[in-house]
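Data first, discussion second: the structure below is written as structure tokens.
Coordinate-derived values only; no laboratory data. These numbers come from a predicted model, not from an experiment. Here the Cβ positions follow ideal geometry from the backbone for every residue, glycine too, while neighbour counts run over all protein chains shown.
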Amino acid sequence: MSLVVQGPGAAPAHAAELARLAGAREIEQVAGTAYRLRDAADNAAVRERARELRLDCGFVPDARRFADLKLLAMDMDSTLITIECIDELGDLAGKRAEISAVTARAMRGEIDFSESLRRRVGLLAGLGVDALERVYRERLRLSPGAEALVAACRKHGVKLLLVSGGFAFFTDRLKARLGLDYTISNELGIADAKLTGGIVGRVVDAEAKAARFREVAHALGASREQTVAIGDGANDLKMLAEAGLSVAYRAKPVVKAKTDCALDFAGLDGVVNLFE
């Protein structure tokens, strides 16, 4: 196993210090602010010191190559992008605090996701559809490293799946903008140029995300080891459990506790650094 240490402030001195704590035999700089410490031993001192230095550390198997992957899946809200779209729509509807509180509970796994989504979407009833375009144009931003990660996937022929308990209005635009291969998301009910407060069809919940992941992986002939999944909330856990490498990105504690690696400081392109 190797320990990959990375973050915006990572420096050779930090890598050397953590290598000593982990008993690593070799330090390899794999990117500008990322280092691979070979034959490192996991211990509490390493993780504690990495947190103090505001660095991510992940123990990963040797000899896994990014170019060998076939599928990389990621959540949309607060993962590929920096916002929760439904919270921003709630802001335009004058109900941000109420909706955000429910979003936070759902992402922590405290309440059923499908129930929470229907409750939140119901609060948007009567909001003009122009609000969707405003959120996309004025508020939606890609997470740090997102474009670099997508470019790495394109370079190596890794297919990209965007899964979201959010809305097709946004996933469709991101698919076209970034050249993503597959998506799954919810369709908002619309009548007379206003949101009805309902969802069309089945809610995309944790099981639907996992099922779509399995479906695409099977279609690509991808083994478990040839897949990666990235997410931040409790409704991503079933999908994350399907992947050969699961990554928690700016995630809730319940997610970080059940994934292989967590990125709290590095950008999404830090996923590439976890591989040879």
**Asked** Which option, (i) -0.26, -0.91, -1.20; (ii) -0.22, -0.78, -1.06; (iii) -0.26, -0.85, -1.07, is the value of log10 I(q)/I(0) by the Debye sum over Cα atoms at q = 0.07, 0.13, 0.15 Å⁻¹ that was calculated from these coordinates?
**Response** (iii)
**Prompt:** What whole number of Å gives the distance from the Cα centroid of the stretch 219-276 to the Cα centroid of the stretch 59-74?
**Reply:** 11 Å
**Request:** Hand me the GluC sites (Glu not before Pro) from the stretch 119-194 located in a DSSP loop with no more than 12 other Cβ atoms within 10 Å, in residue order please.
**Result:** none
**Message:** Tell me the mean residue ellipticity at 222 nm calculated for the chain from its helices only (DSSP H runs of n ≥ 4, each -39500 (n - 2.57), averaged over every residue, nearest 500).
**Reply:** -11000 deg cm²/dmol
**Item:** trypsin sites (Lys or Arg not before Pro) restricted to the stretch 1-51 and DSSP loop, no more than 11 other C-beta within 10 Å
**Value:** 25
**Flagged links, alpha-carbon separation over 18 Å, of 175/252; 159/256; 209/238** = 175/252; 159/256
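Going by how many other beta carbons lie within 10 Å of each one, how would you line up 184, 83, fewest first?
Details: 184 20, 83 17.
In increasing order of surrounding Cβ atoms, one gets 83, 184.
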**Prompt:** Label residue 125 and residue 139 with points 7 Å out from Cα along Cα→Cβ: what is the distance between them in nm?
**Reply:** 2.1 nm
**Restricting the stretch 71-120 to trypsin sites (Lys or Arg not before Pro) in coil, as DSSP defines it, with at most 13 other Cβ within 10 Å** = none
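Antiparallel as a % of all DSSP beta bridges within the chain, to the nearest 5? Walk me through the numbers before you get to the answer.
Working: 21 of 41 bridges.
In the chain, approximately 50 percent of DSSP beta bridges are antiparallel ones.
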**Request:** Calculate one ³J(HN,Hα) per residue across the stretch 174-182 by plugging θ = phi - 60° into the Karplus curve 6.51 cos²θ - 1.76 cosθ + 1.60, and present them in order as whole Hz with x for glycine and proline.
**Result:** 5, 4, 5, 5, 9, x, 6, 8, 9
**Request:** Return the long-range amide H neighbours of residue 81 (sequence gap of 5 or more, or a different chain), with a cut-off of under 5 Å between placed amide H atoms.
**Result:** 143
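Under a point-charge model restricted to the Cβ atoms of Lys and Arg (+1) and Asp and Glu (-1), what is the dipole moment magnitude of the chain relative to its Cα centre, in debye to the nearest 20?
Details: 39 positive and 39 negative charges, 19 e Å.
Value, rounded to 20: 80 debye.
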